[in-house]
Every structure is written in structure tokens, then in C-alpha cells.
1. Take region 19-85, compute every pairwise Cα distance, and split them into 10 Å bins from 0; I just need the percent in each bin.
2. Once the convex hull of the alpha carbons of region 1-127 is built, what does its volume come to per residue, in cubic angstrom?
3. Helix-derived [θ] at 222 nm for the chain: sum -39500 (n - 2.57) over DSSP H runs of at least 4, divide by residue count, nearest 500?
4. From the backbone phi of region 10-16, what are the Karplus-calculated ³J(HN,Hα) couplings (6.51 cos²θ - 1.76 cosθ + 1.60, θ = phi - 60°) in whole Hz, Gly and Pro given as x?
5. Applying a 10 Å radius around every beta-carbon, put 155-167, 200-212, 137-149 in order of their mean neighbour count, most first.
6. Net charge near Q164, counting Lys/Arg +1 and Asp/Glu -1 over other residues with Cβ under 14 Å of its Cβ?
7. Evaluate the charge dipole of the chain about its Cα centre and quote only its size in Debye, nearest 20, assuming +1 on the Cβ of each Lys and Arg and -1 on the Cβ of each Asp and Glu.
8. Let me see the pair-distance distribution of the chain: every alpha carbon pair, 10 Å bin width, integer percents in order.
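Just so you know, all these numbers are worked out from the coordinates, no wet-lab data involved. A quick note: this is a predicted structure, and the numbers were derived from the prediction, not measured. Every residue, glycine among them, receives a Cβ derived from its backbone with ideal geometry; neighbour counts consider all protein chains shown.
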Amino acid sequence: MKTAQAFIFDLDGVIVDTAHYHFLSWKKTASSFGYHLTEADNEQLKGVNRVVSLERILEWANHRLEPAVFDQTLIDKNEDYLKRIQSITTEDALEGVPELLSFLRQEEIPVALGSASKNAPLILKYLELLPYFQALIDGNQVSKSKPDPEVFLKGAEALGVEPQDCIVFEDAAAGVAAAKNAGMQVVGLGDAEVLDAADFHFKSIAEIPMDFYKQLINRS
Ligand code: B16
Ligand code: MG
């Protein structure tokens, strides 16, 4: 195993399960143009930004929107999503995440967020996990959606670490591809078949043994 000097985490599906709230909001949007959005459709929206998500839904629905309506639809979807995520608390951090972040802080390993979400800082605030991150790269700082490597390259740059010395934790195929395109090691969390390009696979952070991290940072 190659060692890592910095850790970069995706948000949705890795730190917290916000995909369900995105799904409910997109379902509402899709139904307004007569399309029934399925869970399988939602898989293809994971990790990609909101503009690309809406473009995909419109394609599936075989529907078109004027540019001004397209923009307003994005605003409405986000307002609906923001209402749903208001209930997020520290209890919603996925199992093992606060413990891992605390371990990395103790070991003085730099940590960044690499998320497509423009709501990432707010969600980390609700989870009370903001202090664990030395850099936040989110949908507000990037112009290219995953699988483009931009979000992770900016994360490495912000931490002052070379891309090849970073390890990324991702749950989406587009995110795993983005990390590989950045020249980083990747832990894929979820379905090993969907995430077959990842270097390591686990079902979730809760399943990862402490020894895995110790070997990664060369402390074993
Ligand atoms: P927002 P991640 C992504 O988060 C979600 O997986 C994706 O479904 C969502 O469309 C995207 O954030 C944008 O989110 O609408 O909040 O800006 O997995 O990259 O943390
Ligand atoms: Mg994700």
C-alpha cells in the first residue's frame, strides 16, 4: 500500500447521507414536468453538480426548459432541499466518521472536503464537523463537475500536498473517476461493482479497520 499524506473526503454518501433529500427534491421537480424519477435514476445524479443533474432529468423526461425557467427550477429545487436538510444534526454523521476525523487530527494529517455541493459548508456546520477540515472545496469553488479532477486537485493544492500523496474517500462512480483522473488513491465506499475503478473497497467508513488508516499514514 502506498502511503498518504493527506485525506480528502466527498460529502454526500461518505460523511452524511444527503442523497435521500436530493432524491426527494429532484422527484418533486421531475414530477412537475410529468416524469417519475426512480431510485436508479438518482444513482446517476450522485456526485454530479446541480446543473448537470437537471440536464440529465430533462433528458430522461424528454422535456425542455427556457434558460430563465431552467435557472428558476434550480433555485426552487435548492429551496426545497434546504428545507429538508434543516433537520440534520450531529446524529446524522455516518458511523465512524467523527472518530476517523478525530484520529486524523490527533495524527496531524491534513484533511480537505471535495464535494460538488454548494451547500457543503452549511451541512458540515449542522454536523458540527467544520473544525476538522483545513480546506473546503465545494461547488462554489469548482466549475467542472466530477469526473473532472478539478475539485480534488484544488483540495490537494489548498492543503499544500502533491496529488499522488492524497487519498480520496468517494461513494459515486463519477467521484472515483475524478480522483483517479487527479492521480490520487481512492477508497470506494458502497457497491464494489459500481466503484470498480477504486483502489480499495469498503461498504462504508464504519467497516474500515483502524489498521488500514495506520498503514496508510505509516504509523503501524
Ligand atoms: P447541491 P457530493 C453532490 O455531493 C451530490 O452527490 C449530488 O447528488 C448533488 O447534485 C451535488 O452534490 C450538488 O449539490 O445541489 O447541494 O449543490 O457527493 O459531491 O458531496
Ligand atoms: Mg458522494
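1. All Cα pairs considered, the percentages come to 22, 63, 16.
2. Values: hull volume 16.5 nm³, N = 127.
Convex hull of Cα atoms, per residue: 130 Å³.
3. On the way: 9 runs with 94 residues, N = 220.
Value at 222 nm, helices only, nearest 500: -12500 deg cm²/dmol.
4. 6, 9, 5, x, 10, 9, 8
5. Details: 155-167: 20.1, 200-212: 14.5, 137-149: 18.5.
Descending packing order for the listed peptides: 155-167, 137-149, 200-212.
6. Details: positive: K2, K180; negative: E157, E162, D165, D199.
Net of charged neighbours comes to -2.
7. Numbers: 20 positive and 34 negative charges, 76 e Å.
Around 360 debye, computed over the chain.
8. 8, 35, 36, 16, 5, 0
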